[in-house]
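The values are calculated or read from the model by the stated rules, or taken from the named source; none is laboratory data. This one's a predicted model, so the numbers in the text were calculated from it and none came from an experiment. Quick reminder, even Gly has a Cβ in these numbers, built from the backbone with ideal geometry, and neighbours come from all protein chains shown.
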Amino acid sequence: MESSFVQFLTVLAIFAFVLAITVFTTKLVGGFQKKTMTGSNIAVLETCRIAPNKLIEIVRIGNRYYALALSKDSVETIAELSEDEISIPEQAGMMPMGFKELFDKARERMQKK
């Protein structure tokens, strides 16, 4: 009986160690990606799925805007758009919400029901 308890504690300790490494690695990679995305000249303004594995995106590259057709194997330029032809969402170019904000928003929706 004592042997199985020691095995259980060993497995629990290994699990906690692996979980800690996973959290650390996720934060490290997320921080690296956040640094590379900040201040970039490329932003996806809007995405619309038209079929499985097929999307239309409005993308800002520098101060030019493009409508792109994306599929599993290719990216095609549909048209170059002027700033007058599109309505830029207020949140475009801002960092996406963090997990805490998303969780709080979901919790509020659940409480309303």
| request: All but one of (1) closer than 30 Å to Ile86 by Cα; (2) modelled with pLDDT under 85 hold for Ala51, so report the exception by its number. | output: (2)
| said: I need every pair where a residue in region 63-81 that is in the same structural domain as Arg49 (by TED's automatic domain parsing) and within 14 Å of Thr47 (Cα to Cα) has its Cβ under 9 Å from the Cβ of a residue that is part of a strand (DSSP E or B) and among the basic types (Lys, Arg), sequence separation at least 6 or different chains. | reply: Tyr66/Arg60; Ala69/Lys54; Leu70/Lys54; Ser71/Lys54
